[in-house]
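Laboratory data are not the source of any read-out in this text; all were calculated from the coordinates shown. Because the structure is a prediction, the values reported are computed rather than measured. Glycine also receives a Cβ, built like all others from the backbone with ideal geometry; neighbour counts cover every protein chain displayed.
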Amino acid sequence: MAVRLAVKENVLADLSRVSRADCEEYLTRRGRGWVCELQDQIVGFAVVDLQENNVWALFILPEYEGRGIGRKLHHMMLDWYFSRGKSYLWLTTGMNTRAEKFYESCGWLKTGPYGDDEVKFEMRADDWLC
């Protein structure tokens, strides 16, 4: 949870919205997660939700951004997700953030606004696997 709380964009405004039980649920029953560990410290993580077909989380400690860690976690997550026979995945992220640019650079299709301050992206297996 330290990585999630350290981010400078897409900040979790209400800490009670994500509990330890939520994390366990997403990792053990709903999907799968990946971490990047450097020198005994978790510096990034990604979680995909197989039930809702969405990226639940992809976060990197700010001091480790720009090193390719997020891209590697992203690619591992999508490779695994689509290898399960899934055809569609979606996510949301804050508007006008580095994350928005990141997902565009990874080939995600921006489908429009989501709520008041987020944007929704979609990825299809055919687009990922080509």
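Below is a table of values for the structure above.
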item: Karplus-derived 3J(HN,Hα), 6.51/-1.76/1.60, for each residue of the range 28-45, Hz, glycine and proline x; result: 9, 10, 8, x, 8, x, 9, 10, 10, 10, 10, 6, 6, 10, 6, 10, x, 7
item: Under 5 Å, built H, 5+ apart or other chain: amide partners of Leu50; result: Gly31, Arg32
item: ³J(HN,Hα), Karplus 6.51/-1.76/1.60, whole Hz, each residue of the range 101-118, x for Gly, Pro; result: 5, 4, 5, 4, 5, 8, x, 5, 9, 6, 9, x, x, 9, x, 7, 9, 10
item: Nitroxide proxy distance, nm - points 7 Å out along Cα→Cβ at Gln51 and Asp79; result: 2.8
item: Size-normalised alpha-carbon gyration radius of the range 28-126, reference 2.2 N^0.38 Å; result: 1.06
item: Rel. contact order, % - alpha carbon contacts under 8 angstrom, at least six apart, the range 2-129; result: 19
item: Check: the range 27-130 dipole with +1 on Lys, Arg Cβ and -1 on Asp, Glu Cβ, in debye; result: 320
item: Paramagnetic reach from Gln41 (point 7 Å along Cα→Cβ, amide N under 11 Å) across the range 47-64; result: 61-64
item: Selection from Ile42, Gly70, Trp56 lying farthest towards where the dipole of the range 21-78 points positive, charges on Cβ; result: Gly70
item: Net length gained if the chain between Trp34 and Asp116 were fully extended (0.36 nm per residue, minus Cα distance); result: 26.6 nm
